[in-house]
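Student: Following this message is one structure expressed as structure tokens.
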Amino acid sequence: MVMKLSKKDILGIPDLSRDEINLILDTAESFLEISTRDIKKVPTLRGKTIINFFVEASTRTRTSFEIAGKRLSADTINISASTSSMVKGETLGDTAKTLEAMNPDIIVIRHNAAGAPHMLARLVRQSVINAGDGAHEHPTQALLDLLTIKNEKGHIDGLHVTIVGDITHSRVARSNILALTRMGARVTVCGPAMMMPRDIDKMGVSVSHHIEEAIENADIVMMLRIQLERQNESIFPSDREYARYFCLDREKIKAARPDVLVMHPGPMNRGVEIAPDIADGIQSLILKQVTNGVAVRMALLYLLAGGE
Amino acid sequence: MMLLKGGRVIDPSQHIDEKRDILIENGKISTVEKDTPVAETECIDVTNMIVTPGLIDMHTHLREPGHEYKETIRSGTEAAVAGGFTAVACMPNTQPVNDNRSVTEFILKQARCSNLAHVYPVAAISRSSEGKILTEFGDLHDAGAVAFSDDGQPVMNSRMMRSALEYAHSLGLPIISHCEDLFLSQGGHMNEGFSSTQLGIEGIPTIAEDIMVMRDIALAEYTRTSVHIAHVSTTGSVEAIRGAKEKGIKVTAETAPHYFTLTDEALLDFSTNAKVYPPLRSAKDIEAIKEGLKDGTIDAIASDHAPHSSIEKDVEFIFASNGLIGLETSLALSLKLVDEGILTIATLIEKMTVNPARILNIHKGTLEPGSDADITVIDPQRRWTVDINTFRSKSRNSPFDGWKLKGKAVMTIVGGDIKYREL
């Protein structure tokens, strides 16, 4: 059992061993309680500076990181795309060196370009956390999903998780596939054929194009946000057509076991990929995911800052 | 007068592969004979060396005019002679595009001033390479353009491509086709496959190339013309070209060393220096390219030397420009094919000398007495390490930095003058 995270950065799930993931989850577990206190603050990271560098818009992830840092008493600074000098044409490299020169301890980055956090991590001596890079990875989301599943089911190993949606454009799907399979879960991905990236089966998942079939034996169903408007060209006929065949609603969930649990990384498109009564129903873990997200990010900030 | 003595002369244009001496007089090849006596001449001992007609790189980007911070005709031809090339063809995607005689004449003037390798301008098929109006092929040829291509962009409009093929053919000029279906490649940054799936980066499917290769073959067959396919990177293209050749359709093809050396796994660390168009493909495609080289489906090896500065490359992967430089690594990477037993050294030299000369219809690539004394001396045993900081090219965008390679051009002679020497 590792007691310390001997890493500079958290860029993606492949960098984390099973033991390291367990360490992060256990640490997060111990931080969960802090958020339930009246005084939600511990002095652990007092004197540390954390920059939340969000080139791509985000509400929940940025807020989650900011709250995580503040509850550990770190000084957190937010930079967003519109306020950064990148709108003035500064390169990521120059921004990176500028931020580095101000001596923060941890830089959290979200960027619409896959690999941008990796580039930043090569350029700065500080720790870098990937808060989502293009359609590549969103490791902290996968870790909070693992924590949520573990807390509900008691274990991850041996579970069957079905991920439904636009797998091609989903960093949440990629990180979850990597994390879940590493922890011994079986993963099925489901969605329209044009939303399946080529050779996805080589990631060790089963592929289905029919939601009823895909969720039949699932312990967990993860629904992904569908953004038909974001794609340059229409690769799918309409929201209506999508909802008819892939929206998790009361009818389709009948195909699953009665104890199936439902997750969604947010933000949701109610009525497109998930019906309101399912999102708000007793099987939904959606708000628990958000709560656990703060604890997981506290754990990562703590461990990267050298805690054990 | 200069005598290259004791080398193994390989000249596929004359089916020569044996120890001979080459006598150069007044910038021309005088004799290629055994045991030429050393008279009142400068004699260079090239024992244990391979002596070939000057290598020809039929696909380069010299970036001048317009992008002189990446490369100039001088720096590009310095890189060429250092890599063993005595002649390069340069693609028209400069700023302005080489779509009129003033640009062609400017390129040739800069080449004359640089006085290193021969430069053969390839002019655009369409004005500004926009695929709308044909350029003046006759006038451009008269100014010195040897071939036509909208390289960097495909000619998407099949009717325009038909006209280009017919008109060029009637003038006896080659069309070099950049095959890419822009609708299929749109938004892509690397080969579509397991690597792009892992990285979450939009892919460019192999069919974006295959379909256009098949279209161009169909056009060449129907119009009874010929077409040259640039930078072949896929199994599908190789199979289509092979089939076309078997049917007697006049199609020729080139590939570049990176397409038989690297796969898309080279991008798994987001290395922008391996970001290139067409993209690096799979191991299966590498095998098909090698098979195509071996059985003659692919006629030529060209570097597709595409210089970019740190401004285009030291950025997020999806924002980085496509292209890598190859003039100074092309020969050694190609020689690996000989070590692997895929090509004989003579066949390799053929694909880097007489074949590109024939495709471009230029009087080069031969050591026939009376021809210009363009000669490359290769040390096949020389081991060296690629160091981008020693490149003559102005740019550094090579994915081969630090590679240990075997075989190097040690002397490059253009028109009887030694332009590069480390012998």
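Student: B:K364 is checked against (1) among the basic types (K, R); (2) surrounded by fewer than 18 Cβ atoms within 10 Å (Cβ to Cβ); (3) in contact (Cβ under 8 Å) with a residue 60 or more places away in the chain and fails just one. What number does that condition carry?
Tutor: (2)
Student: Tally time: how many residues in segment A:210-229 are in contact with a strand residue (DSSP E or B) (Cβ under 7 Å, 6 or more places away or on another chain) and closer than 18 Å to A:R174 by Cα?
Tutor: Looking only at that region, the number is 6.
Student: On to the next question. Assuming A:D19 fulfils every condition listed in (1) out of contact with any strand residue (DSSP E or B) (no Cβ under 7 Å at 6 or more places or on another chain); (2) surrounded by 13 or more Cβ atoms within 10 Å (Cβ to Cβ); (3) away from every other protein chain (no Cβ under 14 Å) apart from one, which condition is it?
Tutor: Going through (1) out of contact with any strand residue (DSSP E or B) (no Cβ under 7 Å at 6 or more places or on another chain); (2) surrounded by 13 or more Cβ atoms within 10 Å (Cβ to Cβ); (3) away from every other protein chain (no Cβ under 14 Å) one by one, A:D19 breaks only (2).
Student: I'm told B:I201 meets every condition in (1) aliphatic (A, V, I, L, M); (2) part of a helix (DSSP H, G or I); (3) buried (at least 22 other Cβ atoms within 10 Å of the Cβ); (4) within 14 Å of chain A (Cβ to nearest Cβ) except one. Can you identify the failing condition by its number?
Tutor: The one condition B:I201 does not meet is (2).
Student: Of the residues B:E221, B:E254, which is crowded, with 19+ Cβ neighbours inside 10 Å, among the acidic types (D, E) and closer than 23 Å to B:S158 by Cβ?
Tutor: B:E254
Student: Yes or no: segment B:181-189 includes at least one residue that is buried (at least 22 other Cβ atoms within 10 Å of the Cβ), modelled with pLDDT of 95 or more, within 7 Å of another protein chain (Cβ to nearest Cβ) and in contact with a Gly (Cβ under 9 Å, 6 or more places away or on another chain).
Tutor: no
Student: Taking segment A:91-110 as the search range and keeping residues that are within 14 Å of another protein chain (Cβ to nearest Cβ) and under 19 Å from A:L300 (Cβ atoms), which one is surrounded by the fewest Cβ atoms within 10 Å (Cβ to Cβ)?
Tutor: So the residue we want is A:R110.
Student: Right, something else. For segment A:122-148, what are the residues that are in contact (Cβ under 8 Å) with a residue 40 or more places away in the chain and within 11 Å of chain B (Cβ to nearest Cβ)?
Tutor: A:G132, A:H136, A:E137, A:H138
Student: Across segment B:46-89, what is the number of residues that are small (G, A, S) and within 11 Å of B:A409 (Cα to Cα)?
Tutor: So the count comes out to 5.
Student: Of all residues in segment B:145-176, which are touching a strand residue (DSSP E or B) at 6+ places or on another chain (Cβ under 6 Å), of a type in the set (G, A, S) and outside any helix (DSSP H, G or I)?
Tutor: Hits for segment B:145-176 are B:A145, B:A147, B:S149.
Student: List the pairs whose first member sits in segment A:252-268 and is assigned to a loop (DSSP other than H, G, I, E, B), whose second member is acidic (D, E) and surrounded by 16 or more Cβ atoms within 10 Å (Cβ to Cβ), and whose Cβ atoms are under 7 Å apart, counting only residues at least 6 apart or on separate chains?
Tutor: Here the result reads A:A256/A:E216; A:V260/A:D219, each pair linking segment A:252-268 to a residue that is acidic (D, E) and surrounded by 16 or more Cβ atoms within 10 Å (Cβ to Cβ).
Student: Quick check: is even one residue across segment A:180-199 polar (S, T, N, Q), within 14 Å of another protein chain (Cβ to nearest Cβ) and crowded, with 22+ Cβ neighbours inside 10 Å?
Tutor: No, segment A:180-199 contains no residue that is polar (S, T, N, Q), within 14 Å of another protein chain (Cβ to nearest Cβ) and crowded, with 22+ Cβ neighbours inside 10 Å.
Student: So, one more: Exactly one condition in (1) in contact with a Phe, Trp or Tyr (Cβ under 8 Å, 6 or more places away or on another chain); (2) of a type in the set (A, V, I, L, M); (3) over 30 Å from A:L32 (Cβ atoms) is false for A:A101; which is it?
Tutor: Every listed condition holds for A:A101 apart from (1).
Student: Do we find that B:S303 is part of a loop (DSSP other than H, G, I, E, B), surrounded by fewer than 21 Cβ atoms within 10 Å (Cβ to Cβ) and modelled with pLDDT of 95 or more in this structure?
Tutor: In short, no.
Student: Considering segment B:74-101 alone, what residues qualify as being farther than 15 Å from B:E328 by Cα and either in contact with a helix residue (DSSP H, G or I) (Cβ under 8 Å, 6 or more places away or on another chain) or buried (at least 24 other Cβ atoms within 10 Å of the Cβ) (or both)?
Tutor: Passing the criteria: B:A89, B:C90, B:M91, B:P92, B:N93, B:T94, B:P96, B:V97, B:N98, B:D99, B:N100, B:R101.
The values are calculated or read from the model by the stated rules, or taken from the named source; none is laboratory data. What you see is a predicted model, and the numbers here were worked out from it, not measured in a lab. Reconstructed Cβ throughout: ideal geometry from the backbone, glycine too, with neighbour counts over all protein chains shown.
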